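*Asks:* Please read through the structure below; I'll follow up with questions.
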């Protein structure tokens, strides 16, 4: 809606994990390096944790791309509402292993033979599980048992468990003690610092075609960082709405007041504790999408209420 007004080629603050917009902070680089190292050295189970919206899915997508270049076989589990048999069937299908039987024992035997063939060919096999904090203890235990597929020198299947901090809490449960002991590497994503937030916004605007123009004032970026608590997904949502506010007001720059307005729409008040503010803004995408649609409708009403001459000047944009 506002792209042409600001001289952009596309919207810079979509919340989908577009790899072109990947912004690798030091902690993100360390997490990615840790995962690749763990897989190369066949460590077994690797843990990736971080708050919602801090870039775990982006890192997993980058990891999957790297694995593809390494000729690794991969299975990616993102549906965590599975039972044990569903998990094994999904695993076999994603690895491309055909099994007539739905018997868990039969599938395990076929998987083991297939993994041995991969190992002899020097080609790794990797299971990646996203949103692992939602897995039941029973499923987590089944994943642990997959690490029993090994030779005398190495694990045949490398596993990456990715999830929110609740996953770490769940793993402290006595029932999952053995799984916790099998985790050989722990990698984490973190919130952005103010300086990283500046770089994050500048990079996204550059990729979208801003060509170095500072669309956000320095004070607006500081305000964004404060409201978003350094969480990239929240920064995206607030920045997008602040740009819409500037567009509606026919302003070429985003001011702190426009950021304040966007924050009020999401009930992110300046006096609110950081954790509470972040929690409101870093919910699942469906909630955010609903809010975005509501705000889009509200802004369309505001645009329609403006003087007709101004509306006509924007017809080519809308």
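Every number in this text was worked out from the coordinates using simple rules, so none of it is lab data. Everything quoted here is computed from the prediction, not taken from an experiment. FYI the Cβ positions are ideal-geometry reconstructions off the backbone, even for glycines, and counts take in every protein chain you see.
*Asks:* Shape call for segment 26-188 from the C-alpha gyration tensor, a ≥ b ≥ c root eigenvalues: rounded (a/c under 1.5), prolate (a/b greater than b/c) or oblate?
*Replies:* oblate
*Asks:* Quick one: work out the % antiparallel among DSSP beta bridges in segment 26-188, nearest 5.
*Replies:* 5 percent
*Asks:* Roughly speaking, what is the centre-to-centre gap between segment 45-91 and segment 197-265 when only Cα atoms are used, to the nearest Å?
*Replies:* 31 Å
*Asks:* Order these by the 10 Å Cβ neighbour count, fewest first: 18, 240.
*Replies:* Starting with the residue having the fewest Cβ neighbours, the order is 18, 240.
*Asks:* Next question. Sorted by mean Cβ packing within 10 Å, highest first, what order do the peptides 87-94, 259-266 take?
*Replies:* 259-266, 87-94
*Asks:* With a ≥ b ≥ c taken as the square roots of the eigenvalues of the C-alpha gyration tensor of segment 163-238, please select rounded if a/c is under 1.5 and otherwise prolate if a/b is larger than b/c or oblate if it is not?
*Replies:* prolate
*Asks:* For the pair residue 145 and residue 102, what calculated FRET efficiency results from E = 1/(1 + (r/R0)^6), where r is the Cβ-Cβ distance and R0 = 25 Å, to the nearest 0.05?
*Replies:* 0.90
*Asks:* For residue 178 paired with residue 4, estimate the spin-label separation in nm (one decimal), with each label point 7 Å from Cα along the Cα-to-Cβ line.
*Replies:* About 6.4 nm separates the two model spin labels.
*Asks:* Given a Förster distance of 35 angstrom, what is the FRET efficiency for residue 68 paired with residue 152, based on the Cβ-Cβ distance and rounded to 0.05?
*Replies:* 0.75
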